[in-house]
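See structure below.
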Amino acid sequence: MAERLPVVLVTGFLGSGKTTLLSRLLGRPELGETAVIVNELGEVGIDHHLLRRVDERTVLLGNGCLCCTLRGDLADELRDLLSRRTRGEIPPFRRVLVETTGLADPAPVLNTLLAEPVVSHHFEPAAVIATVDALNGEGQLEREPETLKQVLVADRLVVTKTDVAEREAVDTLAERLRGLNPAADLLEASFGEADPALLLAPGELDPRLLVLPDTPPHADVEPFVLFIDRPVDWTAFGIWLTMLLASRGADVLRVKGLLDVGAPGPVVLNGVQHVVHPPEHLEAWPDDDRRSRLVFIARGIGKDEVEKSLAAFDAAARRP
Ligand SMILES: [Zn+2]
């Protein structure tokens with residue numbers, strides 16, 4: 001039997017720093033021969049634009065979640081990557097990194113890798129990495145069953161945002177994680193930096209964890225996207241977003257987007273529950289669409305509500 005290609009899953013709750021970690025990893029020379037599958041809940045993808053290495057080996061699976069609605073799509077994409085590689089249409093790769101959605105349960109994703117004959121013949125699950133946010137991780141472990149499941153299944157637990165969190169909070173979280181999953185390697189990543197050799201080393205797959213979930217596919221979480229057709233005043237927008245998150249932050253699991261602030265490139269916006277991270281300026285737009293786009297992943301908040309609130313705020317801001 002031919003050598004099987006390792007598949008590494010990168011999980012972690014919404015906004016816990018999966019994309020940052022992945023982006024730093026892919027910048028390392030030893031990660032050159034890597035195919036990447038990025039899964040996002042919304043129909044408009046933001047994360048894959050931020051990986052800084054989008055080539056023919058990077059695949060976006062949008063508008064659904066790998067652990068529930070897109071299981072077959074993962075198998076299709078892996079088979080497709082393989083046949084394109086065989087035909088010489090894409091550069092070679094020796095491993096696949098899969099970035100799951102923040103809500104994904106890793107177990108059914110691993111099941112897909114093991115159950116589909118062609119896929120399991122050519123690929124093998126190698127390790128599960130879970131990012132846990134030092135600022136929000138404790139709360140998420142309490143409230144979000146997905147976070148707990150990701151932590152329990154992981155071979156590597158990466159505590160992220162240690163550069164912005166208090167040392168004490170990081171230590172408390174690390175202790176909690178060690179208690180929950182003593183078998184996992186525990187790493188810290190400030191600014192998404194972590195040792196690739198340590199992260200990607202093969203892990204131990206615990207078959208007891210590979211049970212299929214009986215829960216419906218994240219039914220209460222509704223991703224939606226807002227497009228804004230003209231440049232946005234960054235200061236006013238920041239105030240509006242801060243107010244929104246202050247009042248509804250527990251239900252806005254994630255807001256991310258690209259904003260046209262009148263500069264040559266967009267501002268990357270990144271909000272996780274009550275926290276808005278410092279904006280990052282990109283030098284250029286990643287594609288031809290120059291409209292500001294904001295992806296909301298929220299519970300019990302509709303697009304209408306957010307749109308109305310933004311419009312009202314915008315009108316007030318324009319009044320002399
Ligand atoms: Zn899912």
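The values are calculated or read from the model by the stated rules, or taken from the named source; none is laboratory data. Being a predicted model, the structure only gives us computed values, none of them experimental. When we count neighbours, we look across all protein chains shown, and the Cβ atoms used for this are built from the backbone with ideal geometry, even at glycine. Just the protein is used for accessible areas: all its heavy atoms, side chains included, with ligands, DNA and RNA removed. Shrake-Rupley method; radii C 1.70, N 1.55, O 1.52, S 1.80 Å.
Couplings 3J(HN,Hα) of the stretch 264-273, computed from phi: x, x, x, 9, 8, 9, 8, x, 10, 6 Hz, in residue order, whole Hz [Karplus 6.51 cos²θ - 1.76 cosθ + 1.60, θ = phi - 60°; x for Gly and Pro].
Couplings 3J(HN,Hα) of the stretch 7-14, computed from phi: 10, 10, 8, 10, 10, x, 5, 3 Hz, in residue order, whole Hz [Karplus 6.51 cos²θ - 1.76 cosθ + 1.60, θ = phi - 60°; x for Gly and Pro].
So which trypsin sites (Lys or Arg not before Pro) in the stretch 67-133 pass both tests, a DSSP loop state and at most 11 other Cβ atoms within 10 Å of the Cβ? Qualifying residues, ordered by number: R87.
Among I297, I228, I46, the largest mean-square fluctuation in a Gaussian network model of the chain, built with springs joining Cα atoms closer than 10 Å, belongs to I228. Evaluating 6.51 cos²θ - 1.76 cosθ + 1.60 at θ = phi - 60° for every residue in the stretch 229-242, the Karplus couplings come out as 7, 10, x, 9, 6, 4, 5, 4, 4, x, 5, 4, 5, 4 Hz, glycine and proline recorded as x. Remark on the stretch 142-265: hydrodynamic radius 18.3 angstrom, per the Kirkwood mean of 1/r across alpha carbon pairs.
Translational diffusion of the stretch 5-209, estimated by Stokes-Einstein from the Kirkwood radius over alpha carbon pairs at 4 °C in a medium of 1.567 mPa s, is 77 µm² per second.
Under 5 Å between amide hydrogens, built in the peptide plane, is the criterion, and for A298 it picks out E222, F224, L253 among residues at least 5 positions away or on other chains.
Structural descriptor for the stretch 221-318: relative contact order 37 percent, calculated from alpha carbon pairs under 8 angstrom and at least 6 residues apart.
Protein heavy-atom surface of the chain, 1.4 angstrom probe: 53% of the accessible area is carbon and sulfur, with nucleic acids and ligands not counted. Just checking the listed ones, E168, E124, E144: in the Gaussian network model of the chain with Cα springs under 10 Å, the one fluctuating most is E168.
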